[in-house]
Amino acid sequence: MKRREFIASTAALVVSSQHLRAQGKRHRLGFLAVGDGSGKTLNKAELAFLDGLRSYGWIEGKNLIIEYRFSQPADRLAASVTDLIALSPDVLVAPGPQAAKALKSATVTIPIVFVSVADPVRLGLVQSLSRPGGNMTGISTMVPDDFLEKRLEILRELVPGASKIALLVNPDNPMQRLYLAEGQIPRAAQRLGVALLTVEATKAEELDLAFASAAAQHADAIIDWGDALTFVRLRELLRSRQSIICQQTTCSDITPMADCRYTGPM
């Protein structure tokens, strides 16, 4: 699909609502949501997205049909993508790198808008930020390559004695997998003079093991790299495991997700 055609088809959903309402036509949006982790309910950020659509005159049930499918739990992603593609929506919305890659692999004709993808170019979703090409565009959360190092610096200000830090990663997250393969973590740790270890979780039930691994390795702090899994579960998990983990180690956490901020020791 040419870029001009792609822009025209997606822009129609947000800037020409008056014309479409006059025609009485309802457009279909496929929303591959992260949700609250249950696979049933949208999270606060996604509800805000729907508020934004309404502010542009797009009212669900009037001129817009929204088909919701969920990427969480993670084993639901493939079936959700298949369901959405079968509905032939006018546009697809994909939150995060896993969902974006799954939709890209499933269609080259339906316009896809992604959000919360750190580096869509290196991930192979688009050709460039200025000229994405293909049928994808969206919002990049790209930051300089030393972003992880900056977060380590902030964490050490919060926990001055931290010399061993655990990084919570999801190996199924293609963006995290890419950074791990490129060796950025050891370089950042070496520059700051800290020991940086990784603990892994690909699903909710593995988070217990990840926290226990950090405690067993006497980590002074944990950084959540940021993933759909922790976005929907971290606050709940930190609260429920606070007393257990604090018996093993004095540990603090830093997460990029504003909705997951938690006050107190982990």
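Overview of results
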{"read-out": "Hey, residue 67 free of Cβ contacts under 8 Å to residues at least 60 places away in the same chain, acidic (Asp, Glu), in a strand (DSSP E or B) and surrounded by fewer than 21 Cβ atoms within 10 Å (Cβ to Cβ) or not", "value": "yes"}
{"read-out": "Wholly enclosed helices (runs of 4 or more DSSP H) of the stretch 1-57 bearing at least 1 residues at pLDDT 80 or above and open to solvent by less than 30 Å² (accessible area, probe 1.4 Å)", "value": "44-55"}
{"read-out": "Residue, nearest to residue 66 (Cα to Cα), within the stretch 90-123, restricted to residues that are assigned to a strand (DSSP E or B) and among the small types (Gly, Ala, Ser)", "value": "94"}
{"read-out": "Residue ID - most open to solvent (accessible area, probe 1.4 Å), chosen from residues in the stretch 70-94 that are polar (S, T, N, Q) and in contact with a helix residue (DSSP H, G or I) (Cβ under 9 Å, 6 or more places away or on another chain)", "value": "82"}
{"read-out": "Qualifying positions in the stretch 70-89 - assigned to a loop (DSSP other than H, G, I, E, B) and among the polar types (S, T, N, Q)", "value": "71, 72, 88"}
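Results for (1) over 30 Å from residue 107 (Cα atoms); (2) touching a Gly at 6+ places or on another chain (Cβ under 7 Å); (3) in a strand (DSSP E or B); (4) open to solvent by less than 30 Å² (accessible area, probe 1.4 Å), shown as yes or no for each residue.
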{"site": "125", "(1), (2), (3), (4)": "no, no, no, yes"}
{"site": "132", "(1), (2), (3), (4)": "no, no, no, yes"}
{"site": "148", "(1), (2), (3), (4)": "yes, no, no, yes"}
{"site": "152", "(1), (2), (3), (4)": "yes, no, no, yes"}
{"site": "160", "(1), (2), (3), (4)": "yes, no, no, no"}
{"site": "177", "(1), (2), (3), (4)": "no, no, no, no"}
{"site": "180", "(1), (2), (3), (4)": "no, no, no, no"}
{"site": "189", "(1), (2), (3), (4)": "yes, no, no, yes"}
{"site": "196", "(1), (2), (3), (4)": "yes, no, yes, no"}
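The values are calculated or read from the model by the stated rules, or taken from the named source; none is laboratory data. From a predicted model like this one, the values you see are computed outputs, not experimental measurements. Heads up, the Cβs are rebuilt from the backbone with ideal geometry, glycines too, and the neighbour counts pull from every protein chain shown. Ligands, DNA and RNA are excluded from the accessible area calculation, which covers all protein heavy atoms including side chains. Shrake-Rupley method; radii C 1.70, N 1.55, O 1.52, S 1.80 Å.
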